[in-house]
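Read-outs: derived from the displayed coordinates by stated rules, not from any lab. The shown structure was predicted, so the numbers you read here are calculated from the model rather than taken from an experiment. Positions of Cβ are backbone-derived with ideal geometry, glycine not excepted, and every protein chain shown enters the neighbour counts.
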Ligand SMILES: [Zn+2]
């Protein structure tokens, strides 16, 4: 088993001693990737924290949610893997078919080259609650040259605005949240399409403190901009976010399945890297076997708790972040009928 969950006693101990009295009864994870074997086909399996995965389906997710948050009621916003070598259509169909709008809510991978009319029709037919664009779909030679507007052309944004859809946005460019082009385009996007709701994945990929300080000042004013906490393990970043933006803009999220792998991201000299027990293209790995790891997810929960406690935030903040803020957002996507009753 590559997943670090309470199936292992050392993770169960962390849950019991550090997390059980912090995590609320209801948990909504706003950032989960799901795909079936048909998505990957004969392409290279997804490197999940160094573990090659040919699929991660709804059954895997159900098992892992139970073993990650013992005794909790869990729900999730689910979308495919935005990889140009995978079958996006098969992935979207799988995500939509398994989403019941009670526990699991589907977002649609979107390629900026798609015909907007066909995208709109598919959103309505399959009841997607939003889009998951990605820089790789722009297909530029240098992915660092991609801009937000290229991943979300007007034809796609018009649909999001008309239907009040969510957009799970992984911002491009090496300066991330601090990038002036990103800052400008985010402001333009939020202002031009006020009924679309933009969720900044990984707090705008600000995985180290210098990347976030001073860079929320313009963004925090927008009514339609939200922040997803997935894979942010630095309590300093979380503390800064919690102290600056409105509390109902903060959404608990993890990036499962990656978040279930062993490792942690660490900040070094105004940069970050992941450290993992095994080699992974995004990490430095512990070749000497010096460390005992837990999941990225539990490291994120530890950091989140520390930031909440340092700021002495109330229980209502925690419950909003873990469940209520995101649930309100999902219920407001009207074309998908909200939740089925
Ligand atoms: Zn992700």
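Brief remarks on what is shown
- For the range 226-240, filtered to residues that are farther than 13 Å from residue 305 by Cα and in contact (Cβ under 8 Å) with a residue 40 or more places away in the chain, the residue that is farthest from the ligand (Cβ to nearest atom) is 226.
- Candidate set from the range 176-201 (those that are within 16 Å of the ligand (Cβ to nearest atom) and touching a residue at least 60 places away in the same chain (Cβ under 8 Å)); member that is nearest to residue 237 (Cα to Cα): 201
- Single residue of 39, 74, 5, 68 found to be over 23 Å from residue 126 (Cα atoms) and in contact with a helix residue (DSSP H, G or I) (Cβ under 6 Å, 6 or more places away or on another chain): 5
- Qualifying residue in the range 319-333 (condition: in a loop (DSSP other than H, G, I, E, B) and within 18 Å of the chain's Cα centre (by Cα)): no
- For the range 256-271, a residue qualifies if it is out of contact with any helix residue (DSSP H, G or I) (no Cβ under 6 Å at 6 or more places or on another chain) and surrounded by fewer than 21 Cβ atoms within 10 Å (Cβ to Cβ), and the qualifying residues are 266, 267, 268, 269, 271.
- Flag if residue 255 is within 16 Å of the ligand (Cβ to nearest atom), more than 15 Å from residue 22 (Cα to Cα) and in contact (Cβ under 8 Å) with a residue 24 or more places away in the chain: yes
- Qualifying strands (runs of 3 or more DSSP E) (wholly inside the range 19-96; at least 1 residues being under 21 Å from residue 133 (Cα atoms) and either in contact (Cβ under 8 Å) with a residue 60 or more places away in the chain or over 16 Å from the mean Cα position of the chain (by Cα) (or both)): 26-33, 46-48, 73-79
- When restricted to residues that are more than 17 Å from the chain's Cα centre (by Cα) and either under 13 Å from residue 196 (Cβ atoms) or away from the ligand (no atom under 16 Å from the Cβ) (or both), the range 123-147 contains 14.
- Any hit, the range 206-225, residues being within 16 Å of the ligand (Cβ to nearest atom) and surrounded by fewer than 24 Cβ atoms within 10 Å (Cβ to Cβ): yes
- Which numbered condition residue 49 misses (of (1) at negative phi; (2) in contact with a helix residue (DSSP H, G or I) (Cβ under 6 Å, 6 or more places away or on another chain)): (1)
- Within the range 285-314, the residues that satisfy the criterion of being in contact (Cβ under 8 Å) with a residue 12 or more places away in the chain and more than 20 Å from residue 4 (Cβ to Cβ) are 307, 308, 310, 311, 313.
- Evaluation of residue 117 against (1) surrounded by fewer than 19 Cβ atoms within 10 Å (Cβ to Cβ); (2) in contact (Cβ under 8 Å) with a residue 12 or more places away in the chain (one fails), failing number: (2)
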